[in-house]
Amino acid sequence: MERLDEKRIRAIEHQKVYHAKLKRAFAKKIEIKEFKIGDLFLKENINKTKLNEESKGKFKPNWLGPYVVVDAIGLGAYKLSTLDGKEEPKTFNAIHLKHFYA
């Protein structure tokens, strides 16, 4: 019975080490994007695959914009507006945005 308990303890320790290695490996791939208020950027065209009358499927642009950051809400969420000052009704996550260099 004691040998079985020892094997279980070793298996649990091995599992903790394995999960720690996985966490470090995936954490290396994460790219944190931060935008400041007033930065120019492009917004990902999420509805690119939907077909509509104005433009069809693969011929739609991948990125829309440029937009201006109006407010940083937190945890990567941003409130946007066009260059004309018209605010977007939704907030957008930083993973769907990229810097625009004019």
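Read-outs throughout are calculated quantities, based only on the coordinates presented, and are distinct from any laboratory measurement. On a predicted model such as this, the values are computed, not experimentally measured, just so you know. Heads up, the Cβs are rebuilt from the backbone with ideal geometry, glycines too, and the neighbour counts pull from every protein chain shown.
With each label modelled as a point 7 angstrom along the Cα→C-beta vector, the ARG24-LYS36 pair spans 3.5 nm.
Scoring 61-72, 20-31, 81-92, 36-47 by mean Cβ neighbours within 10 Å over their residues and listing the highest first yields 61-72, 36-47, 81-92, 20-31. Between PHE100 and LEU75, full extension at 0.36 nm per residue minus the direct alpha carbon distance yields a gain of 6.9 nm. Translational diffusion of the chain was estimated from the Stokes-Einstein equation, with Rh taken as the Kirkwood radius over Cα pairs; at 10 °C and 1.306 mPa s the coefficient is 92 µm²/s. Taking label positions 7 Å along the Cα-Cβ direction at both ALA11 and ASN62, the computed distance is 4.6 nm, reported to one decimal. With angles folded into 0 to 90 degrees, how steeply does helix 2-29 sit against the dominant principal axis of the chain? Use alpha carbons for both and round to 10. So the inclination is approximately 20 degrees. Going through the cross-link list LYS33/LYS79; LYS7/LYS29; LYS29/LYS98; LYS36/LYS90; LYS36/LYS86; LYS28/LYS60, which pairs have a Cα-Cα distance over 25 Å in this structure? Result: LYS7/LYS29; LYS28/LYS60 exceed 25 Å.
Which part of the range 82-102 falls in the paramagnetic zone of ASN47, meaning amide N under 15 Å from the point 7 Å along Cα-to-beta-carbon? Taking a point 7 Å out along Cα→Cβ of ASN47, the residues of the range 82-102 whose backbone N falls under 15 Å are 88-91. Calculated mean residue ellipticity, 222 nm, the chain: -10000 deg cm²/dmol, from DSSP H runs (n ≥ 4) at -39500 (n - 2.57) each, averaged per residue and rounded to 500.
Relative contact order of the chain: 24 percent, from C-alpha pairs under 8 Å at least 6 residues apart in sequence.
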